[in-house]
2 protein chains.
Amino acid sequence: MTISMYAITVPVLTRYLSNLEAILVKAEANAAERKIKPEVLAAARLAPDMHPLTFQVQSATDRVKFLLARLTGQTAPSWEDNETTLEHLRGRIQKALQYVGTFSEADLAGKEDGAVTLRDKQVPALDHALYNALPQIFFHITTAYAILRHNGVPVGKGDFTGA
Amino acid sequence: MTISMYAITVPVLTRYLSNLEAILVKAEANAAERKIKPEVLAAARLAPDMHPLTFQVQSATDRVKFLLARLTGQTAPSWEDNETTLEHLRGRIQKALQYVGTFSEADLAGKEDGAVTLRDKQVPALDHALYNALPQIFFHITTAYAILRHNGVPVGKGDFTGA
């Protein structure tokens, strides 16, 4: 086995986006049970000056698409930030999973030696993936989990890891 | 540039543990300013049945030490979970940073082809690092950040990424 740009991105992103989708399924069921309107948890946040759940999911999925698009020189698909319910947010994750699924090992072969352009600056692709994009994706997925957990949705760390 | 087990662990862990330490420095200054006792934020949590900040930092640092110890066949150092203040937690992170700093590229060379033992089960080292250990480390660092942010500590995502 060797470590490739594909190995550190596509399977990891697929797994953790799928886990986030499953967490939202649990949140929807729990909201229905507690008679919480579908917009309430989507708009929940951990602090008044912190972004809500919608933003966390939008940001996680945007960072996924931009990472893969930048690595391969594609133009990332455009997704409108119009989600207001947990169901919409699941749809957003499904779009991201579908996009991730279009990348093969061949598409990413050798990309660890390339560079990506961030605001007119060239950055080594590997540094961008390891130090910036992947940590930020985990940041937003964890924050989404934390917002739901803080609001009483019965999820545990096994839901985050998918273990 | 090539991707190695060293590249996906030591520099990433060093950076994100250092960022967490800097976040705790800001939290200490903010607690002093607001006359919050040093134990209060250390014991803060996002939900009554969720672990407090102390646990998040202990868990992040434990996962760091176990990852590197398992990859290299070392016995991880033993750290007592006795931290009760932000200052103690900074000390815990410093111990982890020091331990991470003992690993050279040579120590981790070829470890991507090996296996690690988890509860008597052999798991490919790369799968363990990418799918489990690193995501969980980011999970606990992000949760520590979220607990402090939720409690009014003025940190932003730039503090998380160290950008």
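Throughout, read-outs are computed from the coordinates displayed, never taken from laboratory work. From a predicted model like this one, the values you see are computed outputs, not experimental measurements. No Cβ is skipped: glycine too gets one built from the backbone with ideal geometry, and neighbour counts run over all protein chains shown.
The HN-Hα couplings worked out from phi for the stretch A:44-56 by the Karplus form 6.51 cos²θ - 1.76 cosθ + 1.60 (θ = phi - 60°) are 6, 8, 8, 7, x, 9, 10, 6, x, 3, 3, 4, 4 Hz, whole numbers, x standing for Gly and Pro.
For B:LEU89, what charge total do you get from the other residues with a beta carbon under 10 Å from its beta carbon, if Lys and Arg give +1 and Asp and Glu give -1? Mind dumping the intermediate values first?
Details: positive: B:ARG90, B:ARG92; negative: B:GLU21, B:GLU28, B:GLU83, B:GLU87.
My count for the surroundings of B:LEU89 gives -2.
Restricting attention to the stretch B:1-143, lysine pairs at least eight places apart or on different chains and with alpha-carbon atoms under 20 angstrom apart total 7.
What the phi angles of the stretch A:69-80 give under the Karplus curve with 6.51, -1.76 and 1.60, with θ = phi - 60°, is a coupling list of 5, 5, 5, 10, x, 8, 8, 5, x, 9, 10, 6 Hz, glycine and proline written as x.
When you look at the Cβ of every residue in A:3-9, what mean number of other chain Cβ atoms sits within 10 Å? Write out the running numbers ahead of the final one.
Numbers: counts 11, 2, 1, 0, 6, 7, 1.
Per residue, the number of nearby Cβ atoms from other chains is 4 on average.
Between copies, the label points of B:LYS26, set 7 Å from Cα on the Cα→Cβ line, lie 2.9 nm apart, reported in increasing order to one decimal in nanometres. Here the relative contact order of the stretch B:51-99, from alpha carbon pairs under 8 Å that lie six or more residues apart, stands at 49 percent.
Place a +1 charge on the Cβ of each Lys and Arg in the stretch A:32-163 and a -1 charge on the Cβ of each Asp and Glu, then give the dipole magnitude about the Cα centre in debye, rounded to the nearest 20.
Details: 15 positive and 15 negative charges, 78 e Å.
Magnitude of the dipole: close to 380 debye.
Less than 5 angstrom separates the built amide H of A:LEU118 from those of A:VAL123, all sequence-distant by 5 or more or on a different chain. Taking other residues whose beta carbon is less than 15 angstrom from the beta carbon of B:TYR131, and scoring Lys, Arg as +1 and Asp, Glu as -1, yields +2. Applying 1/(1 + (r/R0)^6) with r as the Cβ-Cβ distance of B:GLN122 and B:PHE66 and R0 = 25 angstrom yields a FRET efficiency of 0.95. Here is the result for the stretch B:84-163: no GluC sites (Glu not before Pro) lie in DSSP coil with at most 12 other C-beta atoms within 10 angstrom of their C-beta. With a cut-off of 11 Å between beta carbons, the residues surrounding A:GLY73 carry a summed charge of +1, where Lys and Arg count +1 and Asp and Glu -1.
So for the stretch A:4-159, averaging the separation of alpha carbon pairs under 8 Å that are six or more residues apart and normalising by length, what relative contact order in percent results? Mind showing how you got there, number by number?
Values: 178 pairs, mean separation 59.1, N = 156.
Relative contact order, the stretch A:4-159: 38 percent.
Calculate how steeply helix A:86-100 sits against the longest principal axis of the alpha-carbon atoms of chain A, using the helix alpha-carbon long axis, and give the answer as 0 to 90 degrees to the nearest 10. Taking Cα atoms only, the helix is inclined about 10 degrees. Between helix B:5-33 and chain B, what is the angle of the helix's C-alpha long axis to the longest principal axis, kept within 0 to 90° and rounded to the nearest 10? The helix B:5-33 is inclined about 10 degrees to chain B.
By average Cβ neighbour count within 10 Å, what is the ranking of A:30-37, A:144-151 from highest down?
Working: A:30-37: 13.2, A:144-151: 24.1.
Top of the packing list down: A:144-151, A:30-37.
Each stretch of four or more DSSP H residues adds -39500 (n - 2.57); spread over every residue of the protein assembly as shown, this sum gives -18500 deg cm²/dmol at 222 nm. Each residue of the stretch A:154-161 is assigned a 3J(HN,Hα), and the resulting list reads x, 10, x, 5, x, 6, 5, 7 Hz, derived from the Karplus form 6.51 cos²θ - 1.76 cosθ + 1.60 (θ = phi - 60°), x at Gly and Pro. Classification of the stretch A:48-145 by its C-alpha gyration tensor yields a prolate form. The axis ratio a/c (a ≥ b ≥ c) is 1.5 or more, and a/b outweighs b/c.
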